[in-house]
Amino acid sequence: MSENSVSIGYLVPTREAVMSGDFDAQRLLRLADRAEQLGYDSIWVGDSIVARARHEPLAMLAAIAARTERAELGTAVLLPVLRHPVVLAHHAATVDQISEGRLILGVGIATDTPTTHHEFESVGVPFARRVGRFNEHLDICRRLWAGEKVTHHSDFYDINEVQALPTPHREGGPPLWVAGSNEVTQRRAGRIYDGWMPIGQAEQFAPGLEVVQQAAAEAGRDASLLATASYLTVALNDDVEAANKTLDDYLAAYYPAPPAAMRAAQATYAGGAPGLVDWVSEFVEAGSQHIIIRCAGDHDQQIEQVIDCLESLR
């Protein structure tokens with residue numbers, strides 16, 4: 001990707017497949033294949049074990065890695081603390097080797113909801129102090145990816161003389177892009193991690209990016225090296241009324257909250273192609289380098305329509 005270009009990514013509907021009762025992974029893999037063939041720059045999968053059940057993301061990305069050659073592969077987003085750091089580091093390093101360095105880990109701390117509390121409880125991880133656990137967890141992963149023999153003792157983890165091999169294909173391991181739109185998250189992304197990927201509106205992006213860049217500068221880091229991404233949900237249809245119904249139905253099925261509330265909290269679009277280009281352009285102009293598209297509705301149709309619309313932005 002050149003300095004001034006924008007990459008377009010596609011989110012594979014692993015959650016939607018499970019919601020519909022269709023557990024067939026082959027259709028999802030075919031969608032990933034098609035995304036690369038159509039020219040998407042990256043392919044993404046989400047994560048949740050029981051709260052919003054879906055196919056396991058690193059297993060899915062390993063399969064996609066073996067079938068693709070060019071597209072970057074990412075999690076949008078992974079909840080790292082649901083897995084022990086030695087296990088996660090090992091899994092991620094293997095996927096990075098299979099993909100020959102194409103893996104990106106979008107990571108988050110999880111929202112504070114009853115279903116998320118239950119998810120943490122289900123895998124034996126305390127929900128309390130999850131931010132401290134998150135930072136410590138990923139620090140351990142980075143040390144393991146560097147080939148270090150790790151000894152680490154804290155309130156969260158006890159690790160003695162562990163070396164996880166193989167190390168990743170990419171030196172230092174896959175980049176870590178932090179999800180979240182609040183100032184604490186923005187500063188954390190700038191100080192510690194490799195990128196920032198919020199889910200909010202375009203008008204929130206530029207002010208948030210300023211916080212990220214300021215935090216990076218204060219930490220003595222080169223802010224220009226941090227990746228920026230936007231996670232956008234799209235219902236594409238020239239019939240605006242039909243597009244809005246598709247989007248609202250999708251959000252109502254996906255989240256335990258009214259569609260209007262989710263539209264306010266997340267970046268969503270319902271309408272025709274010209275409007276989509278203008279809308280996505282707002283994120284690009286605000287500083288987003290990577291656009292990740294989650295399609296609401298028929299993926300077989302929209303996967304091609306969306307990339308055709310957005311080709312002019314690249």
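The values are calculated or read from the model by the stated rules, or taken from the named source; none is laboratory data. Keep in mind the model is a prediction, meaning the values are calculated, not measured. Here the Cβ positions follow ideal geometry from the backbone for every residue, glycine too, while neighbour counts run over all protein chains shown.
The residue pairs whose first member lies in the range 18-34 and is within 17 Å of R52 (Cα to Cα), whose second member is surrounded by 14 or more Cβ atoms within 10 Å (Cβ to Cβ) and among the basic types (K, R), and whose beta carbons are closer than 7 Å, counting only pairs six or more residues apart or on different chains, are V18/R54.
Applying a threshold of 6 Å to beta carbon distances and a minimum spacing of six or more residues, or different chains, the list of pairs starting in the range 62-75 at a residue that is within 10 Å of W44 (Cβ to Cβ) and ending at one that is modelled with pLDDT under 95 and hydrophobic (A, V, I, L, M, F, W, C) is empty.
Just to be sure, is Q186 surrounded by fewer than 20 Cβ atoms within 10 Å (Cβ to Cβ), within 24 Å of S7 (Cβ to Cβ) and either at pLDDT 95 or above or among the polar types (S, T, N, Q) (or both)? It is false that Q186 is surrounded by fewer than 20 Cβ atoms within 10 Å (Cβ to Cβ), within 24 Å of S7 (Cβ to Cβ) and either at pLDDT 95 or above or among the polar types (S, T, N, Q) (or both).
Taking the range 189-220 as the range and being closer than 15 Å to A286 by Cβ and among the aliphatic types (A, V, I, L, M) as the test, the residues that pass are M197, I199, A202, A206, L209, V211, V212. Restricting G39, G46 to those that are at positive phi and either surrounded by fewer than 23 Cβ atoms within 10 Å (Cβ to Cβ) or not hydroxyl-bearing (S, T, Y) (or both) reduces the list to G39.
Could you give every pair whose Cβ atoms fall below 7 Å, whose first residue belongs to the range 76-95 and is under 18 Å from I109 (Cα atoms), and whose second residue is of a type in the set (D, E, K, R), counting only separations of at least 6 or pairs across chains? Close Cβ pairs (under 7 Å, with a partner that is of a type in the set (D, E, K, R)) amount to V77/D47; L78/D47; L79/D47; V81/R130; V81/R133. Within the range 285-314, residues that are touching a residue at least 40 places away in the same chain (Cβ under 8 Å) have Cβ atoms under 8 Å from residues that are hydroxyl-bearing (S, T, Y) and part of a helix (DSSP H, G or I) in these pairs: A296/T246; A296/Y250; G297/T246; G297/Y250; L313/S281, counting only partners at least 6 apart in sequence or on another chain.
The number of residues in the range 114-131 that are surrounded by 12 or more Cβ atoms within 10 Å (Cβ to Cβ), aliphatic (A, V, I, L, M) and either free of Cβ contacts under 8 Å to residues at least 24 places away in the same chain or part of a helix (DSSP H, G or I) (or both) comes to 1.
Looking only at residues of the range 100-113 that are modelled with pLDDT of 95 or more and surrounded by fewer than 24 Cβ atoms within 10 Å (Cβ to Cβ), we find that the one that is nearest to the chain's Cα centre (by Cα) is G108.
Scanning the range 55-78 for residues that are closer than 27 Å to K149 by Cβ and touching a Gly at 6+ places or on another chain (Cβ under 7 Å) yields T75, L78.
Could you tell me whether the range 54-61 includes any residue that is within 14 Å of the chain's Cα centre (by Cα), farther than 26 Å from E121 by Cα, outside any loop (DSSP other than H, G, I, E, B) and of a type in the set (A, V, I, L, M, F, W, C)? No, the conditions are met nowhere in the range 54-61.
One residue stands out among those in the range 132-148 that are assigned to a helix (DSSP H, G or I) and aliphatic (A, V, I, L, M): the one that is surrounded by the most Cβ atoms within 10 Å (Cβ to Cβ), which is L144.
Between A92, A32, A65, the distinction of being in a helix (DSSP H, G or I) and either at pLDDT below 95 or out of contact with any helix residue (DSSP H, G or I) (no Cβ under 6 Å at 6 or more places or on another chain) (or both) belongs to A92 only. Of the numbered criteria (1) within 21 Å of the chain's Cα centre (by Cα); (2) in contact (Cβ under 8 Å) with a residue 12 or more places away in the chain; (3) surrounded by 14 or more Cβ atoms within 10 Å (Cβ to Cβ), the one Y255 fails is (2). For the residues D158, D139, the requirement of being under 20 Å from the mean Cα position of the chain (by Cα) and of a type outside the set (K, R) singles out D139.
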